[in-house]
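Since the structure comes first, as structure tokens, the remarks are kept for the end.
The values are calculated or read from the model by the stated rules, or taken from the named source; none is laboratory data. Owing to the predicted nature of the structure, the values given are computational and were not obtained by experimental measurement. For neighbour counting, all protein chains shown are included, and Cβ atoms are generated from backbone atoms with ideal geometry for every residue, glycine included. Note: accessible area is taken over every heavy atom of the protein model, side chains too, but ligands, DNA and RNA are not part of it. Shrake-Rupley method; radii C 1.70, N 1.55, O 1.52, S 1.80 Å.
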Amino acid sequence: MNGSAQVVPSISSNALPQAKSIRWNPGPEELRELAARMPNARPTAFGNLNVQTRVTNRSAGSTFIITDTPERHTQKTITGEEGARIARLQDEHIRDLEMLVIDGYIGNDPADRVPVRLYIDSANANIAGMQRWLYFDAEDAGPDFAPRLTVIYTPNLAAPGYPDDRIIAVDLDAGVTRVLNSDYFGESKKGGLRMWNALVYERGGLALHAGCKVIPTPRGDQTMLIVGLSGTGKTTTTFTRQNNSKPVQDDFVALYPGGRVAATENGCFAKTYSLSKEFEPSIYGAVCTREAYLENVSQNDAGEVDFFDTGYTQNGRSVFRMDALGWHMDARELSSVDQLLILNQNAGFIPGVARLNQAQAAAYFMLGETQGTSAGGKDEEGKFLRVPGTNPFFPLHHERQGNRFLELLSTCDFDVFLLNTGWVGGGDADPRSEKVTIAHSSAIVKAIAEGTITWEPDPDFGYEVAVQVPGVDNIEILQPRRLYERQGRLEEYRAAVERLKLDRRAYLDGWKGLRPEIIEALG
């Protein structure tokens, strides 16, 4: 990426709003220096910067698609006229600001990559620094760079009349997202990826909220996708090193016919709550480098961080370059996908692992069930959620995700598995429950890659459950019905299973354009 930081009075060739001055693509050290001047930035004992933000999670309630055809979208919308008013409000504000431009690509394959630009108030330089780590570098960055997608970001401009005086206004046709009054980095990251979701769909693929890794096995390298909402263990599963596996992507990939995968980001936006050097050494090591940025991580006056303190928020985060891991694989080296995992942090009946047929896979993909996490704010934290495709950033009607997913599966030759990363038999506070630990999940992932699991049909849900998994010695983790039976709770189990089946079917029935075989797959 262009390392110059030339300050120019204005621009005219790329339709960005006029500013008092612009710094074009400052390098990492200059961005760090600018971020260090922020009053809410503190150096840590690791030598990196930790910024405490006003907004601590994504603002779904303040996100609107700009359109005059709202029937095309599941999300909330505003009209083109109102979108133009928001643009004028933001443009006028920018006239008095020093702005930063960060140019780059979503994706690194010349056949798929999308040129993208962040335009942001320099008073929030940490966001620019974090975004620079996630974009793939653009050799032609600068005034003549031609972005397909642009995020225009003013963290300190209120939007009266919108929830929390905040708006994320998404113009899919123009390829522009405008962010007003949020200083949470996730709005920059998701701003580009949300628009990219629509582009991938137009190209015949599907954006997946998924990690990707390659696991060496006796039967050859296995390419695995890990689909899941934030907080379900997607990052942990992606970076756990079964057989010295290599991560490829952490958060989003594009899946195309035939199982081809395209990358999105050159770094990782990792959740740091309960980050453990013992259980997640790769992520821990990358987070604790000088180059990483921290956001809302607890630290004391000596700069020592505490990843377990939730006094301010559970949604502490870090951004680091993939290179900081010391090992990873480029998506351009991948063959087609071999396995896809759908993660579900459940507290009841979902087994540690289940194998799905294609219609079942599309159904559970559309269910997108999990316990809510702090990433979605207080409205989601701890609650049972359903997010179609585990992808809250898909900007079109959600049934399109389920239908496209089933279409793609018909062109591919890979197995799909449902994994529970929570508990069976009850939640965390229930003494009768059993935790599906990181060690259990890691053993399951390893066995999936190696093909060493023995399966049998489940009489209640119709998918296949494991009879035996090397490294997992608790059969009740694999077959929750046995736990309920041993505890004399079988009637409770049966009643709850029937209620869940009816509830799931009613939920999928609500997506009117969803293919009927997906709904029927729930039994």
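Against the numbered list (1) open to solvent by less than 10 Å² (accessible area, probe 1.4 Å); (2) free of Cβ contacts under 8 Å to residues at least 24 places away in the same chain, Val227 comes up short only at (2). The set of residues from the stretch 42-68 being open to solvent by less than 50 Å² (accessible area, probe 1.4 Å), part of a loop (DSSP other than H, G, I, E, B) and of a type in the set (S, T, N, Q) comprises Thr44, Asn48, Thr53, Thr56, Asn57, Ser59, Thr67. Does Tyr284 qualify as being assigned to a loop (DSSP other than H, G, I, E, B) and either within 16 Å of the chain's Cα centre (by Cα) or under 25 Å from Ala41 (Cβ atoms) (or both)? In short, no. Just to verify a result, which residue in the stretch 462-483, among those that are closer than 13 Å to Ile350 by Cβ and touching a Phe, Trp or Tyr at 6+ places or on another chain (Cβ under 8 Å), is most open to solvent (accessible area, probe 1.4 Å)? That would be Arg481. Might you let me know whether the stretch 467-489 holds any residue that is closer than 26 Å to Thr223 by Cα, assigned to a strand (DSSP E or B) and in contact with an Asp or Glu (Cβ under 8 Å, 6 or more places away or on another chain)? Yes, the stretch 467-489 has at least one match. Are there any pairs, at least 6 apart or on different chains, whose C-beta atoms fall under 9 Å, with the first in the stretch 439-450 and more than 14 Å from Lys234 (Cα to Cα) and the second modelled with pLDDT under 95 and surrounded by fewer than 19 Cβ atoms within 10 Å (Cβ to Cβ), and if so, which? So the pair list comes out as Ala439/Phe279; Lys446/Asn243; Ala449/Asn243; Glu450/Asn243.
Whether a residue is free of Cβ contacts under 8 Å to residues at least 60 places away in the same chain and either out of contact with any His (no Cβ under 7 Å at 6 or more places or on another chain) or closer than 27 Å to Arg203 by Cα (or both) was assessed, and Pro431 passes this test. The residues of the stretch 288-318 that are among the aromatic types (Phe, Trp, Tyr) and either open to solvent by less than 30 Å² (accessible area, probe 1.4 Å) or within 11 Å of Arg42 (Cα to Cα) (or both), listed by number, are Tyr293, Phe307. Apart from one condition, Arg113 fits all of (1) at pLDDT 95 or above; (2) closer than 20 Å to Glu187 by Cα; (3) within 25 Å of the chain's Cα centre (by Cα); the exception is (2). Going residue by residue through the stretch 192-213, is there one that turns out to be buried (at least 24 other Cβ atoms within 10 Å of the Cβ), farther than 22 Å from Asp330 by Cα and either out of contact with any helix residue (DSSP H, G or I) (no Cβ under 6 Å at 6 or more places or on another chain) or of a type outside the set (D, E, K, R) (or both)? There is at least one residue in the stretch 192-213 that is buried (at least 24 other Cβ atoms within 10 Å of the Cβ), farther than 22 Å from Asp330 by Cα and either out of contact with any helix residue (DSSP H, G or I) (no Cβ under 6 Å at 6 or more places or on another chain) or of a type outside the set (D, E, K, R) (or both).
In the stretch 286-298, the residues that are modelled with pLDDT of 95 or more reach residues that are of a type in the set (Lys, Arg) and open to solvent by 10 Å² or more (accessible area, probe 1.4 Å) with C-beta atoms within less than 7 angstrom, at least six apart or across chains, in these pairs: Glu291/Arg321; Glu295/Arg317; Asn296/Arg317. Restricting attention to the stretch 484-523, which residues are closer than 23 Å to Ala363 by Cβ, open to solvent by 80 Å² or more (accessible area, probe 1.4 Å), among the acidic types (Asp, Glu) and free of Cβ contacts under 8 Å to residues at least 40 places away in the same chain? Within the stretch 484-523, just Glu498 meets the criteria.
So Ala174 fits all but one of (1) among the small types (Gly, Ala, Ser); (2) out of contact with any Ser or Thr (no Cβ under 8 Å at 6 or more places or on another chain); (3) open to solvent by less than 30 Å² (accessible area, probe 1.4 Å); what number is the exception? Only one criterion in (1) among the small types (Gly, Ala, Ser); (2) out of contact with any Ser or Thr (no Cβ under 8 Å at 6 or more places or on another chain); (3) open to solvent by less than 30 Å² (accessible area, probe 1.4 Å) is unmet by Ala174, namely (3). Across the stretch 28-41, the number of residues qualifying as over 26 Å from the mean Cα position of the chain (by Cα) and in a loop (DSSP other than H, G, I, E, B) comes to 3.
Candidates are the residues of the stretch 401-439 that are of a type in the set (A, V, I, L, M) and over 24 Å from the mean Cα position of the chain (by Cα); the one that is surrounded by the most Cβ atoms within 10 Å (Cβ to Cβ) is Val424.
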